Amino acid sequence: MSTIFKKIIDKEIPADIVYEDDLCLAFRDIDPKAPTHILIIPKKEIPSMAEASQDDEGLLGHLLVTASRIAKDQGISDSGYRLVANTNNQGGQEVYHLHIHLLGGRQMTWPPG
Ligand code: AMP
């Protein structure tokens, strides 16, 4: 079944897109949990990290390097940020299209909730 993120990839619904290339898309979270809250998603439909395979090694690396680049572009690289991939039920995942949250612009706490 198509997720809301697939609809964003296909431009069927709008999003505040900050970066796009052939492999991935990054857009602002609609309900931000930090001053900067961006989601980086692969265009390939992988439901969660739990379904990632060896074939996805390069793609997942690309998502992380892209997150690092976006953090620099957003001016939060030196101050710091957090990357999160909520996975399945106990990970708190709500949208079953793999995504990395890029959160920054405030002090993060540990442990996470
Ligand atoms: P997760 O709980 O890790 O699955 O995170 C899903 C995230 O997607 C949440 O932070 C939501 O606020 C965000 N979200 C849901 N729908 C949209 C949308 N249409 N545009 C942007 N972000 C969204």
| field | So K44, is it more than 17 Å from G104 (Cα to Cα) and in a helix (DSSP H, G or I) | value | no
| task | Name every residue in segment 29-53 that is more than 23 Å from N89 (Cα to Cα) and open to solvent by 80 Å² or more (accessible area, probe 1.4 Å), in order of residue number. | result | P35
| remark: Only unsatisfied item for I17, checking (1) without any contact (Cβ under 8 Å) to a residue 12 or more places away in the chain; (2) surrounded by fewer than 13 Cβ atoms within 10 Å (Cβ to Cβ), is (2)
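Let's see how each residue does on (1) acidic (D, E); (2) modelled with pLDDT under 95; (3) out of contact with any strand residue (DSSP E or B) (no Cβ under 6 Å at 6 or more places or on another chain):
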{"site": "S2", "(1), (2), (3)": "no, yes, yes"}
{"site": "E20", "(1), (2), (3)": "yes, no, yes"}
{"site": "P32", "(1), (2), (3)": "no, no, yes"}
{"site": "T36", "(1), (2), (3)": "no, no, no"}
{"site": "L59", "(1), (2), (3)": "no, no, no"}
{"site": "A67", "(1), (2), (3)": "no, no, no"}
{"site": "I70", "(1), (2), (3)": "no, no, no"}
| request: Assess whether L60 counts as being within 21 Å of G91 (Cβ to Cβ) and either open to solvent by less than 60 Å² (accessible area, probe 1.4 Å) or under 11 Å from the mean Cα position of the chain (by Cα) (or both). | output: yes
| field | Residues located in segment 1-35, provided they are assigned to a strand (DSSP E or B) and away from the ligand (no atom under 13 Å from the Cβ) | value | Y19, E20, C24
| How many residues are open to solvent by 30 Å² or more (accessible area, probe 1.4 Å) and assigned to a loop (DSSP other than H, G, I, E, B) when one looks only at segment 81-110? | 13
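The values are calculated or read from the model by the stated rules, or taken from the named source; none is laboratory data. The structure displayed is predicted, hence computed values, not measured ones. Glycine gets a Cβ as well: all are built from the backbone with ideal geometry, and neighbour counts include every protein chain shown. Only protein heavy atoms, including side chains, enter the accessible area calculation; ligands, DNA and RNA are left aside. Shrake-Rupley method; radii C 1.70, N 1.55, O 1.52, S 1.80 Å.
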